[in-house]
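Nothing in this text is a laboratory measurement; each read-out follows from the coordinates by a stated rule. Just so you know, these numbers come straight off a predicted model, no measurement behind them. No Cβ is skipped: glycine too gets one built from the backbone with ideal geometry, and neighbour counts run over all protein chains shown.
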Amino acid sequence: MRSNIAWTQSRRAASSARAAAAIEDTTKVRYSPIGNAATTAVAVAVLSGKEAAGIRVLDSLAGTISQSASWLDRSDLELASAYAQLGRADRASVLVAGFERGASREDRLRRWGEWQSALGEIALAEGRPTDAIAAFRQATFADPSDASARALLDQLTSAKPAPAATPDSDDGD
């Protein structure tokens, strides 16, 4: 009888350990030094008004990405978003196209939110707000905690177009 209790307890402990490991895997924050550096480069470039310098920093960061690393560990999508935020949709599109070509189906699904967010940033940079809204909706659906995508989506969906001026409108004269 004592061996049955010990066996049951060990099974429960093993089951609990597996559950804890699964929960830990889903709650881990992915640390991306290159992605963090790209975000900082964009912020500094925008605040200082020196977008060209920000692009040079992003170019340097792009050169540090290991082409042999797993797509889950690469920072291509973060760099794509950063390039798009600084107005270089062309460079951002190249990085996203590389991800789409090279990543497995499973990797694309795991990084769906980041992928869609990058596509939304590219659409914004190219002046396609409707496509940006669709991409940011997908990004926030995949990752409801993505504050950046949520803020951009809210901003785009609440924006009202400026009223068109008409020849007979009263402009206070």
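Look at where the Cα atoms of the stretch 89-119 and of the stretch 121-142 average out, and the two centres are 13 Å apart. Couplings 3J(HN,Hα) of the stretch 127-133, computed from phi: x, 10, x, 5, 5, 5, 4 Hz, in residue order, whole Hz [Karplus 6.51 cos²θ - 1.76 cosθ + 1.60, θ = phi - 60°; x for Gly and Pro].
The overall shape of the stretch 33-157, judged from the alpha-carbon gyration tensor, is oblate: a/c is not under 1.5, and a/b is no greater than b/c. Extension gain, residue 110-residue 44: 0.36 nm per intervening residue step, less the Cα-Cα distance, totals 20.8 nm. Once the Cβ-Cβ distance of residue 68 and residue 131 is raised to the sixth power relative to R0 = 25 Å, the FRET efficiency obtained is 0.20. With a Förster radius of 30 Å applied to the C-beta separation of residue 94 and residue 154, the computed FRET efficiency comes to 0.55.
What is the sum of charges, Lys and Arg at +1 and Asp and Glu at -1, for the other residues whose Cβ falls under 15 Å from the Cβ of residue 62?
On the way: positive: 56, 74, 88, 91; negative: 59, 76, 78, 90.
Taking every other residue near residue 62 into account, the sum is 0.
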